[in-house]
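**Student:** Quick one: this structure, given as structure tokens, is what I'll be asking you about.
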Amino acid sequence: MNIRITKHAATYLAPIVLLTGLLPLQAFASSSSSPSCSLTATTGSGQTSLRSSDTVLVRQGDVLTLAWESQNAKKAIDAGGKSIALSGIATSTPMDSFDVSYTFSNGSRKTVCKASIQVVQASFVAESLTAESGSRPDILGQIDGSKTIEVTVQAVGSNTLLYDSKTLKVRGGGFEAKLTKALPDGMYVVTLTGDKKYKLNQIATSTLTVGATGTLYAASIPLLSGGATGPGTTVPVSYLQIVNTGKTPVTLTGFQVKEDGSAPTASVIGLSTVDDKGGSRGLIGGTEGANPFVNGIATVPTNATFAPGERKLFTIKAILSVHAGAYAGSQLMLDIAGLVAPGANLKAVFPIRGTTWTVNAF
């Protein structure tokens, strides 16, 4: 594996496994007998093919998968001269920025696949994600690792942008996006993206609530340990504490779940939830061939009403396909991307991290 780092990112790199040739091939040599290679990066923001001048943006602690494939090569080495597979895949959770470079050769002919990984830290100021009826929201946040950002706002369930900040400069590690007009009461998806020059530059999403009638506080309870799982199993992926800290009742109708690991969503055929009292049960999918994800998000239904001050604990589980062994070695990490609680004021920083499972062949 050929990884060149700027700090200590090497300690986060997972072992390499062979790639089966499902990735697109980008040729870098003109002669049919010359070696060529392709390099692909996958994060929670998606997947992209890379050229030597490209930089990928990765949120600190998120899963990054780098995959390479070569043709007409007889030898492959990393920057330190260590032999690597002619085609392979490496998974990491980088905490610092680093460079990657793979050299492929056939006799005297050589080609190099390389790119840069830019690690970023970012978050929204939770208090700025609520607004009173008739007011103009002022969205605030902190970021390190990107000099410019953009903020967009759209209604939950809609693809129409209601606000686009265009390019904003990061000043003193923070950013501010002032909406130009008031929004109708309701819930909105807020998306933060980094410098346009970076690949996979979507950094974070959260929920903006306008005209809230109640308040839900949500946070992860770090009691799940993860481990290894396999085809046809059911595993817990998130353990949440939710409290109504407001003065009026609130109804929670669903959890928005996003796969931020390297395992494809096709490995999961169902998601379920239940609270600590055995009520508020919900299920989406669950039968072989089902696909609970739409545009990368699965909404796990529930029907939980919270009185003021009431607290509930929820466990969310994933049901793996019997064919999940095809993705052996990948990481399943289902995070909570949002809560569905119409009219509620949400006090949470999304995504709420779930536990990580490594998919085995059996």
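The values are calculated or read from the model by the stated rules, or taken from the named source; none is laboratory data. Keep in mind that what you see is a predicted model, and the values were worked out from it rather than measured. As a convention, Cβ positions derive from the backbone with ideal geometry for all residues, glycine included, and neighbour counts pool all protein chains shown. Areas reflect the complete protein model, heavy atoms only, side chains present, ligands, DNA and RNA absent. Shrake-Rupley method; radii C 1.70, N 1.55, O 1.52, S 1.80 Å.
**Student:** Going through the range 302-328 one residue at a time, which ones are of a type outside the set (A, V, I, L, M) and open to solvent by less than 50 Å² (accessible area, probe 1.4 Å)?
**Tutor:** At the first step, the residues of the range 302-328 found to be of a type outside the set (A, V, I, L, M) are 302-303, 305-306, 308-312, 314-315, 317, 321, 323, 325, 327.
Result: T302, F306, K312, F314, T315, S321, G325.
**Student:** I would also like to ask the following. Out of the residues in the range 108-127 that are more than 21 Å from the chain's Cα centre (by Cα) and at pLDDT 90 or above, state the one that is farthest from Q47 (Cα to Cα).
**Tutor:** If we take residues in the range 108-127 being more than 21 Å from the chain's Cα centre (by Cα) and at pLDDT 90 or above, then S108 is farthest from Q47 (Cα to Cα).
**Student:** For residues that are in contact with a Leu (Cβ under 8 Å, 6 or more places away or on another chain) and of a type outside the set (A, V, I, L, M), scanning just the range 76-105, find the one that is nearest to S33 (Cα to Cα). Full working, then the answer.
**Tutor:** Within the range 76-105, the first condition is being in contact with a Leu (Cβ under 8 Å, 6 or more places away or on another chain), and the residues that meet it are 76, 85, 87-94, 100, 102, 104.
Next cut, of a type outside the set (A, V, I, L, M) only: 87-88, 91-94, 102, 104.
Values: S87: 18, G88: 21, T91: 30, S92: 33, T93: 36, P94: 36, Y102: 19, F104: 13 Å.
Within the range 76-105, the match that is nearest to S33 (Cα to Cα) is F104.
**Student:** Right, here's the next one. When the residues of the range 47-69 are narrowed to those that are small (G, A, S) and under 18 Å from the mean Cα position of the chain (by Cα), which ends up nearest to Q142 (Cα to Cα)? Spell out how you get there, then give the answer.
**Tutor:** Residues of the range 47-69 small (G, A, S): 49, 52-53, 61, 67.
Those still in the list that are under 18 Å from the mean Cα position of the chain (by Cα) too: 49, 61, 67.
Working: S49: 29, G61: 16, A67: 31 Å.
The selected residue is G61.
**Student:** Tell me the strands (runs of 3 or more DSSP E) entirely within the range 83-175 that contain at least 2 residues that are polar (S, T, N, Q). Walk me through how you get there before you give the answer.
**Tutor:** Numbers: elements: 88-92, 98-106, 109-124, 138-144, 148-155, 161-164.
Answer list for the range 83-175: 88-92, 98-106, 109-124, 148-155.
**Student:** Might you let me know whether the range 330-345 holds any residue that is touching a residue at least 12 places away in the same chain (Cβ under 8 Å), out of contact with any helix residue (DSSP H, G or I) (no Cβ under 8 Å at 6 or more places or on another chain), buried (at least 23 other Cβ atoms within 10 Å of the Cβ) and closer than 20 Å to G232 by Cα?
**Tutor:** yes
**Student:** Continuing with this model, one more query. Could you list all residues from the range 194-215 that are in a strand (DSSP E or B) and open to solvent by 30 Å² or more (accessible area, probe 1.4 Å)? Working first, answer last.
**Tutor:** Of all residues in the range 194-215, those in a strand (DSSP E or B) come to 199, 202-210, 214-215.
Of everything in the range 194-215, those that are in a strand (DSSP E or B) and open to solvent by 30 Å² or more (accessible area, probe 1.4 Å) turn out to be K199, Q202, T205.
**Student:** Also: When the residues of the range 118-128 are narrowed to those that are open to solvent by less than 40 Å² (accessible area, probe 1.4 Å) and touching a Ser or Thr at 6+ places or on another chain (Cβ under 6 Å), which ends up nearest to S206 (Cα to Cα)? Steps first, please.
**Tutor:** Of the range 118-128, the ones open to solvent by less than 40 Å² (accessible area, probe 1.4 Å) are 119-120, 122-126, 128.
From what's left, touching a Ser or Thr at 6+ places or on another chain (Cβ under 6 Å): 119-120, 124.
Details: V119: 20, V120: 17, F124: 8 Å.
For the range 118-128, the residue satisfying everything is F124.
The rows are residues; the columns are (1) in contact with a strand residue (DSSP E or B) (Cβ under 6 Å, 6 or more places away or on another chain); (2) at pLDDT 95 or above.
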site: K166; (1), (2): no, no
site: F175; (1), (2): yes, yes
site: P184; (1), (2): no, no
site: Y188; (1), (2): yes, no
site: D195; (1), (2): yes, no
site: A204; (1), (2): yes, no
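**Student:** Search the range 241-290 for residues being part of a loop (DSSP other than H, G, I, E, B) and in contact with a helix residue (DSSP H, G or I) (Cβ under 8 Å, 6 or more places away or on another chain), and hand back the single one that is surrounded by the most Cβ atoms within 10 Å (Cβ to Cβ).
**Tutor:** Going residue by residue through the range 241-290, those that are part of a loop (DSSP other than H, G, I, E, B) are 245-249, 260-264, 276-281, 286-290.
From the residues that got through so far, the ones that are in contact with a helix residue (DSSP H, G or I) (Cβ under 8 Å, 6 or more places away or on another chain) too are 263-264.
Working: A263: 27, P264: 17.
That would be A263.
**Student:** Same structure, new question: Here is a list of conditions, (1) within 26 Å of I336 (Cβ to Cβ); (2) open to solvent by 50 Å² or more (accessible area, probe 1.4 Å), and T180 meets all of them except one; can you say which number that is?
**Tutor:** (1)
**Student:** I would also like to ask the following. Hey, could you check the range 142-173 for residues that are touching a residue at least 12 places away in the same chain (Cβ under 8 Å) and on the phi > 0 side of the Ramachandran plot and say which is surrounded by the most Cβ atoms within 10 Å (Cβ to Cβ)? Spell out the reasoning first.
**Tutor:** Start the filter on the range 142-173 by keeping residues that are touching a residue at least 12 places away in the same chain (Cβ under 8 Å), which leaves 142-156, 162-170, 173.
Right, trim to on the phi > 0 side of the Ramachandran plot and you get 145, 166, 173.
Working: G145: 19, K166: 9, G173: 10.
Per the stated criteria, the residue is G145.
**Student:** Moving to a separate point now. Since Q154 meets every condition but one in (1) under 24 Å from D260 (Cβ atoms); (2) at pLDDT below 90, which condition does it not meet?
**Tutor:** So Q154 meets the others, but not (2).
**Student:** Further question on the same structure: Of the residues A228, A218, which is modelled with pLDDT of 90 or more and open to solvent by 20 Å² or more (accessible area, probe 1.4 Å)?
**Tutor:** Values: A218 fails: open to solvent by 20 Å² or more (accessible area, probe 1.4 Å).
Checking each option against the conditions leaves just A228.
**Student:** Scan the range 174-222 for residues that are among the β-branched types (V, I, T) and without any contact (Cβ under 8 Å) to a residue 60 or more places away in the chain and report the count.
**Tutor:** Of the residues in the range 174-222, the ones among the β-branched types (V, I, T) are 180, 189-191, 193, 203, 205, 207, 209-210, 213, 215, 221.
Those left that are additionally without any contact (Cβ under 8 Å) to a residue 60 or more places away in the chain: 180, 191, 193.
Within the range 174-222, residues that are among the β-branched types (V, I, T) and without any contact (Cβ under 8 Å) to a residue 60 or more places away in the chain number 3.
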